[in-house]
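The values are calculated or read from the model by the stated rules, or taken from the named source; none is laboratory data. Only a predicted model underlies this, so the values are computations on that prediction, with no experimental measurement involved. Here the Cβ positions follow ideal geometry from the backbone for every residue, glycine too, while neighbour counts run over all protein chains shown.
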Amino acid sequence: MEYAALFEPAEEGGFVITLPAFGWGVSQGDTEQEAREMAVALLQTLIQEHIRKGEPLPLPDRPRGKKYRMIELPAKVALKTELYIAFKASGITKTALAQKLGIPKTNVDRLFDFKNHTRLEQIEAAFHALGKGLTIDVRDAA
């Protein structure tokens, strides 16, 4: 899962970073590498805020141009994000998902929390409860 980040050159050097799909949030970095790291952190923060508020996530975009960089989420964050998207699309409640999983309702929020160390088996079970399967794709690094 990846979103486009706009890297605008800053007057003082470095880059100002925004994520057009979200329409809010800004970060900056002094170098390309630091700006990419800050873009990942910004993306995670924006997604987590949408999840916290129970809002749908904007679809990833792919604008073209030399000022755009595609920002990829870390694997576990991407899994939790995809799980949240599947949950929202299912139309079921957190209580219903908890019942399907045999866990307390309060534990459902932990499935979507990036700071919570959820086991892969729990994430896979949650996808299954939503009628989804989980596959893993390994590819050559860029």
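Observations
- Candidates GLU2, GLU32, GLU12, filtered to the one that is in contact with a Pro (Cβ under 8 Å, 6 or more places away or on another chain) and modelled with pLDDT under 95: GLU2
- Here ARG64 passes the criteria (1) more than 29 Å from ARG110 (Cβ to Cβ); (2) surrounded by 11 or more Cβ atoms within 10 Å (Cβ to Cβ) except the one numbered (2).
- Residues of the stretch 1-15 classified as touching a residue at least 24 places away in the same chain (Cβ under 8 Å) and not in a loop (DSSP other than H, G, I, E, B), total: 7
- Being of a type in the set (A, V, I, L, M), over 24 Å from LEU134 (Cα atoms) and either without any contact (Cβ under 8 Å) to a residue 60 or more places away in the chain or not in a loop (DSSP other than H, G, I, E, B) (or both) is a property that does not hold for MET70.
- Subset tally (residues that are out of contact with any Asp or Glu (no Cβ under 8 Å at 6 or more places or on another chain) and either of a type in the set (Val, Ile, Thr) or part of a helix (DSSP H, G or I) (or both)) for the stretch 18-39: 10
- On inspection, LYS115 qualifies as part of a loop (DSSP other than H, G, I, E, B) and surrounded by fewer than 10 Cβ atoms within 10 Å (Cβ to Cβ).
- Positions within the stretch 98-112 being assigned to a helix (DSSP H, G or I), out of contact with any helix residue (DSSP H, G or I) (no Cβ under 7 Å at 6 or more places or on another chain) and more than 22 Å from GLU49 (Cα to Cα), in sequence order: GLN99
- The residues of the stretch 127-138 that are outside any loop (DSSP other than H, G, I, E, B), surrounded by 14 or more Cβ atoms within 10 Å (Cβ to Cβ) and more than 17 Å from the chain's Cα centre (by Cα) amount to a single one, ALA129.
- Filter pass, GLU37 being under 30 Å from VAL16 (Cα atoms), surrounded by fewer than 15 Cβ atoms within 10 Å (Cβ to Cβ) and acidic (Asp, Glu): yes
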